[in-house]
Amino acid sequence: MLWQTQDLARLLAQDPNWRAPDSSAGITGIQIDSRQTQKGDLFIPLAPPISERDGHQFIDAALTSGAGLALSAQQATHPQVLPVSDTQQSLITLAVEARRRISNDAAIIAITGSSGKTTLRTWLQHILMGFDHTHGSEGSFNNHLGVPLSLARMPADTQYGVFEVGTNHPGEIQPLSDLIAPTIAVVLNVLPVHIGHFASFDALVQEKLSLRSGLTSSGQLILQSALSDSVSGPRSTFGTAPSADIQWEHIVGAQAAITVGMQRYTIEMPALGTHLIPTAAACLAVIQALGLDIQTAISRLASAPVPIGRGNAERVGGITLINESYNANPESMAFALKALSTRGSGRCHVILGEMHELGDLSPSAHERVLALGKAFDTCLAVGPLFRSPALAMAVRQVDHCQDIDLADFVASLSEGDTVMVKGSNQVFWTHQFMQSLRQAIVDAI
């Protein structure tokens with residue numbers, strides 16, 4: 001049981017509109033999307049401007065789907081609908097209590113960075129599950145809604161909690177860090193991406209570093225060694241510099257060497273790509289800070305999953321599809337294209353989607369990425385931001401992924417070919433482009 005009904009009553013009874021629920025049954029989950037509700041869930045409807053649509057319209061649908069209880073800031077008579085003054089504040093109240101009620105010796109890890117947050121969170125969860133009860137964010141729940149929801153879902157017996165924190169506007173990270181109250185804060189990297197709303201790159205750096213705001217009194221800051229001069233006070237660093245506390249180097253393929261303290265370890269990465277090695281190093285930095293066994297962590301790291309849309313490879317009809325469709329920035333584009341070039345024999349084709357939130361850096365960034373993509377057997381650019389450089393480089397360009405004739409594209413492929421799709425979330429991911437491409441290959445077999 002995630003929350004007992006009496007605990008909900010105790011927490012939310014401060015609300016003058018609260019009335020005791022008719023059922024003594026507790027809840028097993030929390031949802032803010034009625035389409036995701038299951039039996040035993042608590043449905044918390046959110047309203048504009050916090051959400052695009054008023055969730056109160058979907059209370060009946062959530063209850064029909066099996067939700068045990070629902071909150072409402074509007075008048076309601078259904079016995080399973082509990083009146084509150086503010087549904088968002090109720091969610092935050094649950095988040096705060098979930099953080100408070102876990103054991104004092106539990107470790108709570110907050111992660112931020114410009115790229116790779118979800119991969120780091122996924123790998124850490126996988127590793128830590130081998131040591132004790134572990135809970136973390138789902139998907140990329142890293143904003144003003146995702147963080148409190150992830151916290152509110154944290155079971156009371158959690159020993160390790162791992163939470164992502166993201167930003168694309170100034171002032172977003174600090175309140176989320178304060179809410180999480182981490183015992184370990186990890187700044188994986190800071191890159192010139194999601195920078196459109198920041199006055200400068202340094203302003204973006206300081207925003208990421210504000211993750212340390214919520215650190216507990218004995219908390220530890222872990223960050224990339226390149227950022228070390230940007231902060232004062234105790235911190236642990238990882239990087240290739242000799243001064244880094246944890247150092248890494250690429251060996252070959254998916255193998256890397258990481259030095260922790262005076263001990264050098266050879267690790268097998270869960271996927272190809274030198275850009276993933278700092279993520280592995282950050283994992284081991286956390287394991288060291290927790291005082292857990294490094295070798296056990298390395299063994300579990302080798303089998304860690306790669307989050308969907310972030311480099312997953314699958315074989316379909318003799319064609320290798322690499323799904324990088326969840327997100328993109330100039331650095332991750334360059335890393336992914338470099339990794340693709342090392343895959344060995346067979347033709348390689350890339351479908352590159354435009355990159356968002358780059359501000360004044362956008363034109364030059366798209367030009368650089370397209371120059372790298374042009375080196376492959378086929379390069380197709382998607383999005384208006386690629387229009388100008390594609391014209392100059394004689395690269396085929398379309399404005400939307402729906403403009404691609406998939407049957408024609410698949411007909412140009414041969415057994416043994418590799419196709420990588422990478423772009424910002426709204427270019428491919430939201431349109432389920434990879435599913436359409438996969439089906440087009442299956443239809444052509």
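Points to keep in mind about this one:
- Segment 136-159 residues that are without any contact (Cβ under 8 Å) to a residue 40 or more places away in the chain and not assigned by TED's automatic domain parsing to the domain that holds Leu46, paired with ones that are of a type in the set (Gly, Ala, Ser) and not in a loop (DSSP other than H, G, I, E, B) (beta carbon under 6 Å, 6 or more apart): Ser137/Ser150; Phe141/Ser150
- Sole exception among (1) surrounded by 19 or more Cβ atoms within 10 Å (Cβ to Cβ); (2) more than 30 Å from Ile251 (Cβ to Cβ) for His400, by number: (1)
- Checking each residue in segment 404-441 for being part of a helix (DSSP H, G or I), touching a residue at least 12 places away in the same chain (Cβ under 8 Å) and under 30 Å from the mean Cα position of the chain (by Cα) picks out Leu406, Trp429, His431, Phe433, Met434, Ser436, Leu437, Arg438, Ala440, Ile441.
For every residue, the table says whether it meets (1) over 16 Å from Phe43 (Cα atoms); (2) part of a helix (DSSP H, G or I); (3) in the same structural domain as Leu358 (by TED's automatic domain parsing).
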{"position": "Asp60", "(1), (2), (3)": "no, yes, no"}
{"position": "Ala67", "(1), (2), (3)": "no, no, no"}
{"position": "Ala95", "(1), (2), (3)": "no, yes, no"}
{"position": "Arg121", "(1), (2), (3)": "yes, yes, no"}
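- Of all residues in segment 235-253 being buried (at least 18 other Cβ atoms within 10 Å of the Cβ) and among the aliphatic types (A, V, I, L, M), the one that is farthest from Ser225 (Cα to Cα): Ile246
- Residue count, segment 30-39 (criterion: touching a strand residue (DSSP E or B) at 6+ places or on another chain (Cβ under 6 Å) and either over 20 Å from Ala73 (Cα atoms) or free of Cβ contacts under 8 Å to residues at least 12 places away in the same chain (or both)): 0
- With respect to the conditions (1) farther than 19 Å from Met355 by Cα; (2) in contact with a Gly (Cβ under 9 Å, 6 or more places away or on another chain), Gln397 lacks only one, and its number is (1).
- Put simply, of Thr274, Thr320 the only residue that is modelled with pLDDT of 95 or more and surrounded by fewer than 19 Cβ atoms within 10 Å (Cβ to Cβ) is Thr320.
- Filtered residues of segment 23-42 (kept if part of a strand (DSSP E or B) and touching an Asp or Glu at 6+ places or on another chain (Cβ under 9 Å)): Ile27, Gly29, Ile30, Gln31
- Counting only helices (runs of 4 or more DSSP H) wholly contained in segment 308-398, no element carries 2 or more residues that are of a type in the set (Phe, Trp, Tyr) and not assigned by TED's automatic domain parsing to the domain that holds Phe409.
- Elements of type strands (runs of 3 or more DSSP E) contained in segment 228-292, each with 3 or more residues being over 22 Å from the mean Cα position of the chain (by Cα): 246-252, 255-260, 263-268
- Which numbered condition Asn425 fails, given (1) surrounded by 14 or more Cβ atoms within 10 Å (Cβ to Cβ); (2) at pLDDT 95 or above: (2)
- Subset of segment 257-270 (residues that are farther than 12 Å from Ile294 by Cβ and surrounded by 17 or more Cβ atoms within 10 Å (Cβ to Cβ)): Met269, Pro270
- Here Val205, Val162, Val147 are screened, and the one residue that is of a type in the set (A, V, I, L, M) and in contact with a Gly (Cβ under 6 Å, 6 or more places away or on another chain) is Val162.
The values are calculated or read from the model by the stated rules, or taken from the named source; none is laboratory data. Computed from a predicted structure; not experimentally measured. Ideal geometry is used to build each Cβ from the backbone, glycine not excepted, and the neighbour counts take in all protein chains shown.
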